[in-house]
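Worksheet for the structure shown next.
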Amino acid sequence: MQIQVVEITEKSSIEFVALDHEQPIGKLAAQPLGSGQYRILEVAVDSHCADRETVGLTLLNKLMESRGWKMIFAQTGDRPEDAFVGELLCQAGFELLIERTFVEREIFGYRIPFADPLVYKPLCEAARETAVSAFAEIMRSSPPRGGSPPQTNFSDEFDRMMQYAGRERAGNMWKLAFWEDAVAGLVFPQVYSKNEMPGEILFVGVVPRLQGKGFGRILHAKGLECLAGAGVTRYSGSTDIINKAMLRIFEVNGCLRVGGVRPEFRLMSSASRA
Ligand SMILES: CC(C)(COP(=O)(O)OP(=O)(O)OC[C@H]1O[C@@H](n2cnc3c(N)ncnc32)[C@H](O)[C@@H]1OP(=O)(O)O)[C@@H](O)C(=O)NCCC(=O)NCCS
């Protein structure tokens, strides 16, 4: 087998096509996200190909030759072909970040169906530092998967999430929850402008000292109530399959699992690890 790779680069995508004697046997498509970050959209190798692994790794290596890359993200699914791609990614040095499982539920007119002792403040009425410090405390207590060093700049992470959510929308929708005058947790409901999009909860967390007392369930339900109050009729959520508490919260708050498990991978360049 003689693998030759042809690159087709367009403004918003990069595609590498692997050829054997001028016949296409595989392809990789990726999207540049800016700042040296890329997202792999597709890796496919002909199922009749004699050495699928070599073809797949050759395509991944081509992407890693891109100038100035810092991070590459990839998401797979639970089809048999996804297992092959997942193995390729691991061989190429990608780390498994999360295996995401998805849930949904109808939330038309949803109200919290049990007593709620928490007092809420929208983010726009609270000091940003209070929210960031609770966010950092919660995140530090749940270290990420994989071999990457735990992230320490949670202030930047918080700002990135706010930017994604839209600052004004986050200011009104995101809530700090107080218990006996101290911050107990956070919930970040997210509505999208497109009507057909379900609402989401970008983050829900309880400060470590108050975890396991039922506040996580209440905060998630509060998030659903906020979404319903904003006119959203459907909720879509996801979490890591190892997050047992969150999976239980989905269950007790009436959310049903949909679709399969989607593993997410990341590769960091040596420059970005330093
Ligand atoms: C996930 C999180 C919000 C849960 O909050 P919490 O206040 O500890 O959860 P609750 O006390 O409401 O517990 C909810 C359910 O999960 C169960 N549960 C809690 N921890 C559990 C664990 N480690 N394993 C299995 N079940 C668990 C509880 O028993 C309860 O079930 P029950 O109603 O049958 O008794 C909290 O652990 C957290 O902030 N984690 C870090 C951030 C995070 O992972 N957020 C979610 C992803 S965005």
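Values for this structure:
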quantity: Cβ pairs under 6 Å, 6+ apart, first in region 188-211 and more than 15 Å from Met162 (Cβ to Cβ), second more than 12 Å from the ligand (Cβ to nearest atom) and among the β-branched types (Val, Ile, Thr); calculated: Gly199/Val191; Gly199/Val232
quantity: Extreme residue, farthest from Ser236 (Cα to Cα), among residues of region 188-202 that are buried (at least 20 other Cβ atoms within 10 Å of the Cβ) and within 9 Å of the ligand (Cβ to nearest atom); calculated: Phe188
quantity: Boolean, Gln163 is surrounded by fewer than 20 Cβ atoms within 10 Å (Cβ to Cβ), near the ligand (Cβ under 9 Å from one of its atoms) and not hydroxyl-bearing (Ser, Thr, Tyr); calculated: no
quantity: Entirely in region 1-84, the strands (runs of 3 or more DSSP E) that have 1 or more residues that are β-branched (Val, Ile, Thr) and either within 17 Å of Glu264 (Cβ to Cβ) or within 21 Å of the chain's Cα centre (by Cα) (or both); calculated: 37-45, 71-75
quantity: Search result, residues across region 194-220 that are charged (D, E, K, R) and modelled with pLDDT under 95; calculated: Lys194, Glu196
quantity: Helices (runs of 4 or more DSSP H) (entirely within region 212-274) containing at least 1 residues that are away from the ligand (no atom under 16 Å from the Cβ) and touching a residue at least 40 places away in the same chain (Cβ under 8 Å); calculated: 215-229, 270-273
quantity: Selection from region 34-53 of residues that are touching a residue at least 24 places away in the same chain (Cβ under 8 Å) and farther than 17 Å from Glu81 by Cβ; calculated: Ser35, Gly36, Gln37, Tyr38, Arg39, Ala50
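Yes or no, residue by residue, for (1) more than 17 Å from the chain's Cα centre (by Cα); (2) surrounded by 15 or more Cβ atoms within 10 Å (Cβ to Cβ); (3) assigned to a strand (DSSP E or B):
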position: Leu97; (1), (2), (3): no, yes, yes
position: Arg100; (1), (2), (3): no, yes, yes
position: Gly109; (1), (2), (3): yes, no, no
position: Asp116; (1), (2), (3): yes, yes, no
position: Val132; (1), (2), (3): yes, yes, no
position: Phe135; (1), (2), (3): no, yes, no
position: Met139; (1), (2), (3): no, yes, no
position: Thr152; (1), (2), (3): yes, no, no
position: Ser155; (1), (2), (3): yes, no, no
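The values are calculated or read from the model by the stated rules, or taken from the named source; none is laboratory data. Model, not experiment: these values are computed from the prediction. Cβ sites come from the backbone with ideal geometry, for glycine too, and all protein chains shown count toward neighbours.
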